[in-house]
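The numbers here are math on the coordinates, done by the rules we state, and not lab data. Because the structure is a prediction, the values reported are computed rather than measured. Here the Cβ positions follow ideal geometry from the backbone for every residue, glycine too, while neighbour counts run over all protein chains shown.
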Amino acid sequence: MTEPFKADGPIGVFDSGVGGLTVLAEVRRALPAEQLCYVADGGHAPYGDRPDRLVRERAEAITDFLIQQQGAKAIVIACNTATGIASAHLRARHTLPIIAMEPAVKPAAARTSTGVIGVLATSGTLKSEKFEALRGRFHGAVQVLTQPCPGLVELIEAGDFEADALRALLADLVRPLVERGADTLVLGCTHYPLVRGLIADIAGPGVEITDTGAAVARHLRHRLAEMGLLRTAAPSDDHRYWASAPAHEASAALIRRLLGEPVTVETLPC
């Protein structure tokens, strides 16, 4: 599918919920002139526990909405699970830049002193061929421990970051990795940086924590510059937000809280 790219078009960013806001924040910092369109598909969250077919269908529907109805010039898949399942499919259908996530195994491997890194991610991300290929690139160089995190996205989407249940689940997920020698933890889901402080507190001061939000923003900037699609106008705060039913109201309230702005969150029509 060929799309007419326009430098003044917005950048579309989507995730299964509010986690992609951590990537959106990095994009806003790196590209302050750009208009952003953000979709939180909370009505189908978490993607990590959904069938591949559903995740692919949702990614396709949201991408089509952002391109055809909002005129997006680039798409950021701000979700590791959707990246693993749908990025190749979307790139085969579209010619505009499709920027995807990759757990920060490479920088973690470069920083570890013990030779052991831990990856916290959804089951969907960890079982994907894309992640297995990434892990395989470091076979023999470092030990890559993986920790699926069922239930964590749901607790984060609930928005109570002080909840005892959230801290208890994080302790169960993080401590075994540290006890096995991991001195660097990779946050392999865009939701997890929202509780980075809790993870750091549980892991302890000797453990480094990394994610890929800033790297994704840099890659996006590079691709847009390469294609002559960077917006040259004054800094923009004309961003738009959508959330899917039936979780629209809960998602909208959490988006406003996390942004610290009284933004309008529309109902996603697809």
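Between A234 and A200, the modelled labels are 3.5 nm apart [label points 7 Å from Cα along Cα→Cβ]. Close amide-amide hydrogen proximity is noted between T146 and V119, each under 5 Å apart and 5 or more residues distant or on a separate chain (H modeled in the peptide plane; Pro and chain starts excluded).
Calculated FRET efficiency, A7 to T264, Cβ-Cβ distance, R0 = 25 Å: about 0.50 to the nearest 0.05.
Amide H to amide H distances under 5 Å link V76 with G12, V13, F14, I99, where only residues 5 or more positions off or on other chains count and H is placed in the peptide plane.
Summary value for segment 183-270: 23 percent relative contact order, contacts being C-alpha pairs under 8 angstrom separated by 6+ residues. With a Förster radius of 45 Å, plug the Cβ-Cβ distance of A110 and Q68 into 1/(1 + (r/R0)^6) and report the FRET value to the nearest 0.05. Efficiency, from the Cβ-Cβ distance: 0.65. Relative to its Kirkwood radius, the Cα radius of gyration of segment 105-211 gives an Rg/Rh of 0.95. Evaluated with a Cβ-only charge set (Lys, Arg +1; Asp, Glu -1), the chain carries a dipole of roughly 820 debye about its Cα centre, given to the nearest 20.
The length gained on full extension between A92 and E129, counted as 0.36 nm times the residue separation minus their Cα-Cα distance, comes to 11.6 nm. In order along segment 16-26, phi translates into HN-Hα couplings of 5, x, 8, x, x, 4, 5, 6, 4, 4, 5 Hz, rounded to whole numbers, per the Karplus curve 6.51 cos²θ - 1.76 cosθ + 1.60 with θ = phi - 60° and x for Gly and Pro.
Please report the spacing between the Cα centers of segment 4-45 and segment 68-89 in Å, no decimals. If you average the Cα positions of each part, the centres end up 10 Å apart. Sorting the segments 75-81, 22-28, 46-52 by their mean number of nearby beta carbons within 10 angstrom, highest to lowest, gives 75-81, 22-28, 46-52. Taking 0.36 nm per residue of separation and subtracting the Cα-Cα distance, full extension of the segment from H139 to R167 would add 6.9 nm. Calculated mean residue ellipticity at 222 nm for the chain: -12500 deg cm²/dmol, from DSSP H runs with n ≥ 4 weighted as -39500 (n - 2.57), summed, divided by the residue count and rounded to 500.
Take 84-93, 181-190 and order them by the average number of nearby Cβ atoms within 10 Å per residue, most first; the result is 181-190, 84-93.
Between A158 and A253, full extension at 0.36 nm per residue minus the direct alpha carbon distance yields a gain of 33.1 nm.
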